[in-house]
1. Sort out which residues of segment 239-289 are in contact with a Cys (Cβ under 9 Å, 6 or more places away or on another chain), of a type outside the set (Val, Ile, Thr) and either in contact (Cβ under 8 Å) with a residue 60 or more places away in the chain or within 18 Å of Gly189 (Cα to Cα) (or both), and write them in order of number.
2. Could you identify the single residue in Phe34, Phe57, Phe72 that is modelled with pLDDT of 95 or more and either within 26 Å of the chain's Cα centre (by Cα) or surrounded by fewer than 16 Cβ atoms within 10 Å (Cβ to Cβ) (or both)?
3. Does Ile94 meet the test of being over 20 Å from Thr143 (Cα atoms) and in the same structural domain as Asp14 (by TED's automatic domain parsing)?
4. What do you reckon, is Tyr37 part of a helix (DSSP H, G or I), assigned by TED's automatic domain parsing to the domain that holds Glu11 and of a type in the set (Ser, Thr, Tyr)?
5. Is it fair to say Thr13 is more than 35 Å from the chain's Cα centre (by Cα), among the polar types (S, T, N, Q) and surrounded by fewer than 18 Cβ atoms within 10 Å (Cβ to Cβ)?
6. If Ala191 meets every condition in (1) surrounded by 12 or more Cβ atoms within 10 Å (Cβ to Cβ); (2) modelled with pLDDT under 95; (3) among the small types (Gly, Ala, Ser) apart from one, which number is that one?
7. Which residue out of Ser280, Ser207, Ser276 is part of a strand (DSSP E or B), modelled with pLDDT under 95 and of a type in the set (Gly, Ala, Ser)?
8. Can you name the number of the only condition in (1) closer than 19 Å to Gln68 by Cα; (2) assigned to a helix (DSSP H, G or I) that Ile48 fails?
Amino acid sequence: MTPTITLRTIEKTDIPIIVQAFELAQWSKPTETFEHYLREQTDNKRAIWLAFQNNQFAGYVTLKWESQYEPFLKNSIPEIMDLNVLPKFQKQGIGSLLLARAEQEAFKEHDTVGLGTGLYADYGQAIQMYIDRGYKPDGRGVTYHYQTVTPGNKVCLDDDLILWFSKKHTRLKTISPQSIQTAPHFIWGNACEGWWLHQDEKFTVISELMPPNTAELRHYHKHTDQFFYCLQGELWIQFHHEECVLQDHEGIHIPAGAPHQVKNNSSNNVRFLVFSSSTSHNDRVDLEA
């Protein structure tokens, strides 16, 4: 049976449960720490989330809105702090879920979130998770008690020797439908029409309309693969000295370098789509005047 994992913010009644759970794991977490976190959560200085697996406390994470690390503070970068998962619940994705929840909250108001990690072996698994989730070192070296460690100085390798990481929020572009009512329009051939539905460095999509008894020049593309897809009507394509007639919802692939000609021999309009690979610009060679 797949375990159920839930996340929620901390409440006062959770504190003794958290402390006892860490004591049983021989991991010291004083009551005062969580009382302080709860006060800061009430004052909107920090957010803290708890993870439960099948209603058993499994771990927690906090998000500090104003970091004590000077570069984060100056750049308004909130800091994810104190991510801990009890040993018996580790390697089950709980740490990643907690981290994702803190990131989600941070990215509501900020473009970047940061965190710091210790450097000895116990932090190895966490560091790998941070890298996998897109965190990068901030390039300022390590600090000890939030102060930069300069070359030649000696410091203790403990929890206060920190390497700092940050992650930028990747915002998705607004996606809107494209149609022949909104796409750029052009005229080609003998009163034929086209609409650029999509055009970028990867591929292009053109919607085309050919009136009755029209044809384009026989030609080929040096580097461009194309796929013709008939939407409505009958589309004649002369290809390899043969003629193919596409009906509604039929298509054909025209490889790069293959001479071809598209025609509408019917008495009705024909509508079709042309999908082209990324090299479709300026590589057309006409074979007739």
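The values are calculated or read from the model by the stated rules, or taken from the named source; none is laboratory data. The structure displayed is predicted, hence computed values, not measured ones. Every residue, glycine as well, gets a Cβ built from its backbone with ideal geometry; the counts of neighbours run over all protein chains shown.
1. Matches in segment 239-289: Asn264, Arg271, Phe272, Leu273.
2. Values: Phe34 fails: either within 26 Å of the chain's Cα centre (by Cα) or surrounded by fewer than 16 Cβ atoms within 10 Å (Cβ to Cβ) (or both); Phe57 fails: either within 26 Å of the chain's Cα centre (by Cα) or surrounded by fewer than 16 Cβ atoms within 10 Å (Cβ to Cβ) (or both).
Going through Phe34, Phe57, Phe72 in turn, the sole match is Phe72.
3. Values: over 20 Å from Thr143 (Cα atoms): yes; in the same structural domain as Asp14 (by TED's automatic domain parsing): yes.
It is true that Ile94 is over 20 Å from Thr143 (Cα atoms) and in the same structural domain as Asp14 (by TED's automatic domain parsing).
4. Numbers: part of a helix (DSSP H, G or I): yes; assigned by TED's automatic domain parsing to the domain that holds Glu11: yes; of a type in the set (Ser, Thr, Tyr): yes.
So Tyr37 fits the description; yes.
5. Details: more than 35 Å from the chain's Cα centre (by Cα): yes; among the polar types (S, T, N, Q): yes; surrounded by fewer than 18 Cβ atoms within 10 Å (Cβ to Cβ): yes.
Yes, satisfied.
6. Of (1) surrounded by 12 or more Cβ atoms within 10 Å (Cβ to Cβ); (2) modelled with pLDDT under 95; (3) among the small types (Gly, Ala, Ser), only one is false for Ala191: (1).
7. Numbers: Ser280 fails: part of a strand (DSSP E or B); Ser207 fails: modelled with pLDDT under 95.
The match here is Ser276.
8. It fails just one condition, (2).
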